[in-house]
Structure formats: structure tokens, C-alpha cells
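Here's the structure we're looking at; comments come further down.
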Amino acid sequence: MNRVERDYDSEKLGVPPAFVLASSSNSAEDPNLLEAEETLHRGLKARQISMIALGGAIATELLIGSGTALSRGGPLGVLLGYSFSGLVCYFVLSALGEMAAYLPHKKGLSGYASRFVDPALGFALGWSYLVWTSNLSAASNVIGYWDRPLTIRITVWITIFIVLVPPVNFLGIRFFGEVQFWMSGIKVLTLIGLILFGLICDLGGNPRHDRVGFRYWNDLGVFSYYLEEGDLGRFLGVWSVMTNALFAYMGTELIGVTVGEAKNPRKNVPRAIRRTFWCILILYVGGVFVIGLIVPSNDPRLYSFGVDIGDSFASPFIIAAKKFAIRGLDHVINSAILFFLLSAANTGLYVGSRTLYSLAAEGKAPAIFKRVNHRGVPYPALIFCTAFSCLAYLDGDPVRSGEVFQYFVSGVTFFGATTWMCIVYSHIRFMKALEVQSISRSSLPYRAPFQPYGSYFALAILVIITFFRGFDTFSPWDDIRFITTYIGGPVFFVLWLGYKLMYRTRVIPPAEVDLVSGKQQIDEEEGLYLAHQHGRGPRTSWQKIWDSL
């Protein structure tokens, strides 16, 4: 297909030539792009993709930040807030799954925004998605639970973690995928164990033989009051929970980053998305339900903004272990939290390096970042993201460490919400392009349920939550929290507007959206993979079970 024959007219749309080479041309026309794309190896299986997503998502919010949610929303409020945000997460993941199964390219989340909406949107999304520093910051703070009053500076722990985390990423996608699979598996088993621990203690199976049941729901009420009394206070509490829960589910979308390195992505990506959603929903909703049973919502040790380090980073499960006088369990749980955070930081480096590689492949970042080694690792991008992690040193003040961490969370949450909005908006434009170009959704490898209503619903809710999530910075007024809560907006707008003015791009009309380029190559890869699988011969029952994972 030559450039005249393309449906995607780059000059008409104002798309820079670098983008056309990356997304709209045959690889044969651009040897450099072919080399860059082919050296990202497709080595991830469905089980590994699911666990990578879990590794990125299951971190601070359930085990630490859920304490804030419980204190503000109460046991029923936290349950409702996490359930509702889980529904939004489902629509986001299903929308991403439909696009990724149709076109599992190697350009990450920004590639869908560039291809189906506007290259300027893809540019802004890609660069803003690189903000992944909060996990290292949180990991160093978790150490403070043991080291009080901070005999070893936090900056020392940050340095240790920055040195320890990156090597796994340099060893290739197959090694990384397998390591992350087992690390995330341990995380899932640990969470299941904590949920069982909470249920057993609630029913009286604790050293004090105290059957708690729904005592805290009855004595303290199912909702808490936040900022105001009465119905308004209860509403604000639940609203605050939803903003917290939004951050808790963030990281699930990184499945869209893994599709370029997934085996048989048209089958494995939708499977991984379904597994990831149900696993996280069950673990998170089940987890916050148990927390609401075993920890009173007025416990002063629950993590909240501005509390001194130490108890501020104590998980509700740690508070429960102390309350039920189970000796040593609090240290085991804190060790698990540290493990969780390092695993999430490891996944964050993977996501950041692949996102930067994707931007370079599209000509939206320096070309050096699309270099890869013989293992398929984009090592310049990985080195850059490792250096970017040094922003965690901003959290080195031992007095205000917990406060600075909360600033990180606020900024990351805005960028994460923006990413979700871009995903569902790209999906809306994708569906419109299918309709205009007379391509039936029934022909897609995976069809997202409840569409197009699900994506419209998710987009509307995300816009509302993102716009009003800083409501508590006004009463009392907190200029620093206001800035950190909303700073992502101007940053994203400047990135989008700057690229748009420089390259004079415009929103791609649905009739001109490129739904063809690159699809034939993916079809051929899928055919070769299926032929290879068929050539392996009959499989035993155990082999079939392992393959299904």
C-alpha cells in the first residue's frame, strides 16, 4: 500500500511525518521502524499479563490508603465507593480490551489516542503517563514503621530501592514476565490471607475471643461525616472515598502497554482483562468490606493526610492485628506491604520505559529511546525512567514525609484519571469510525459489553470526579494541596496545545481514521502463532490446564 492509497492522509490531518512512519506505513517502507518494532519481543502469556496488571494496581491504596477512606466514609461508605469505582474500572478495561484485541500494536495507550482521535492527544497522554514515582516514595515510608524515630534517613532507603528494583527489567521480557507473575501471585495469596484473617477475627477466632460481627456498623453508624455534619457530611465522605478508590484501581490499564509484547494478543489480552478486573474487584471490595468489620472508622491511627510518619503508614490490617493482640503479625503485614510496593515500582519502570519507547517510535520523543538490546529491552528508555524515579527524593524530609507522599498521590491520581478518560474517549471515537466505515462490531475479536453506553458513562463520571476531587482543599483553604491536586490539568493542556500548534494537527474525522494499517501484519503473526501451537501435537490434561493460564 503506497502513501497515495492510504485512507490516512497525513498532510490533510496535519500529522507530522514521524507519526505517519510509526503508525500508517508498511514496515517495509521504513527499515528503522521495522527494527525498532521487531525487537520488542512478544513473550508475555495471558497469566503474565494479568499478573503484571495486578502488580501495578495492588499497592498502597488497599493496604494503606483504605484507612483514609474508612475514616471519611464509614464502613458502608467505603464499600459503596469502591464498588462504584470498580464499575467505572470495568468499563475502562473493557473499552481498552476492544481496541487492543483489534489492533494490539506496540505503541501503548498513547498510540490509540493518536490513531483514533488526534496525535496531539496521544502526545500529551504518553508524556503524562510517565509519572510513576509514588511507589518508591511509599516504600521508603513503610520502613518508618520499624525505624522510629528514623535513625536511618529516608533518602538512604530510597537509594537502596532505586538500586534494587531496575535490574529485573534489564533481563528481558520473558524473565520480567515470569518474575512479576510469581511476585504478583504472592501478593494475591497474601491479600486472600488477610481477608480470611479479618473474617476469622471478626467471628471471634482471635486471642481475645471477641466476636465483633457488625458491632462497628451498629455503634458508629454505617457512614462517617467528613467536613460537615448531617447528610452533606455523609455525602462528602462517600465522595472522598470514590476519589481514593479511583487511585486504588489505577494501574489496571497498563494491560494496554503490554499488548505489544503479548503472545497471541487477540486471545490473551481480553482474557487477561477479564481476569484482572474480577480479581481486583473481588480483592478490593472484599478487602474494604473486611476492614470495615474489624477496624472502627474513628480509630485515630487510620492513615490520614498530614499525620506524622509511623502510624500514618500503618495499614488497617496492622491496626487490627494490634487490636486483637496477635503478636508479630503487624510486622509480617508491614513486610508484605513493602514487598507489594517494590513489586508495583518494578511494574512502574516497565510501564514507563515501554511508554517512552512507544513515543519514540511515533516520533514524539528523541529517537534514542527506541533503541533496544538483544533481549528486546528499550534500555535508554529504562535508564531514563530509573533516573526519573529520583523524584522520590523529594519525599526525604523525615518530618513531612507522609505529607509529601500524599502530594505525590494527588498528582498521580490526576494523571491516572486523565489516562482513563483518554482511553474511553479513544474507544468512543473508535466505535464511531467503525460505524462510519461500515465495519460491524460483531466482526471484532472482542466486543466490550454495554457499549457505547459504558464508555460514555465512564467518561462522564471520570470528568466529574476529577473536577471535584479537590473539594476538601477549599475548607479550610490549602494552597499546596490545591496545586498538587490540579497541577496535572495545566501540564496536560500545555503538552496537548503545544504539540497541536507546532504540528497543526486536528481531530481525525471518523471516515479518515486508519483502521487498516498494521492489521495485516498482526493477522500474520497470529496465524504463525496458532500454526506453531497446532504443530505441538496433542497436549496432556495438565499441559492444557497450564496453557489455559
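The values are calculated or read from the model by the stated rules, or taken from the named source; none is laboratory data. From a predicted model like this one, the values you see are computed outputs, not experimental measurements. FYI the Cβ positions are ideal-geometry reconstructions off the backbone, even for glycines, and counts take in every protein chain you see. Surface accessibility is based on the protein's heavy atoms, side chains included, excluding ligands, DNA and RNA. Shrake-Rupley method; radii C 1.70, N 1.55, O 1.52, S 1.80 Å.
If contacts are Cα pairs under 8 angstrom and at least 6 residues apart, what is the relative contact order of region 165-311 in percent?
Result for region 165-311 is 27 percent.
Here the simple spin-label model places points 7 Å from the Cα toward Cβ, and for Phe474 and Arg506 these points are separated by 3.8 nm.
Between region 239-253 and region 412-481, the C-alpha centres lie 14 angstrom from each other.
Between Val163 and Arg215, what's the calculated FRET efficiency when r is the beta-carbon distance and R0 is 56 Å? Round to 0.05. Mind showing how you got there, number by number?
Numbers: r = 47 Å, r/R0 = 0.83.
FRET efficiency, Val163 to Arg215: 0.75.
Taking label points 7 Å from Cα along the Cα-to-Cβ direction, Val463 and Ile186 give a separation of 4.4 nm. Pairs to check: Lys106/Lys364; Lys432/Lys500; Lys267/Lys519; Lys187/Lys322; Lys432/Lys519. Give those whose C-alpha atoms are more than 20 Å from each other in this structure. Long pairs (Cα-Cα over 20 Å): Lys432/Lys500; Lys187/Lys322. In this structure Trp239 has an accessible area near 40 Å², from a 1.4 Å probe over the protein heavy atoms. You can think of it this way: the chain between Glu229 and Phe339 has 35.7 nm of extra reach, that is 0.36 nm per residue less the Cα-Cα gap. For region 74-230, the carbon plus sulfur part of the accessible surface works out to 70%, probe radius 1.4 Å. Accessible surface ranking for Cys390, Cys201, 1.4 angstrom probe, highest first: Cys390, Cys201. Taking all protein chains into account, the per residue accessible area for region 224-296 stands at 29 Å² (1.4 Å probe). In terms of accessible area, using a 1.4 Å probe and ignoring ligands and nucleic acids, Glu178, Glu435, Glu98 rank largest first as Glu435, Glu178, Glu98.
The solvent-accessible area of Trp157, taken with every protein chain present and a 1.4 Å probe, is close to 60 Å².
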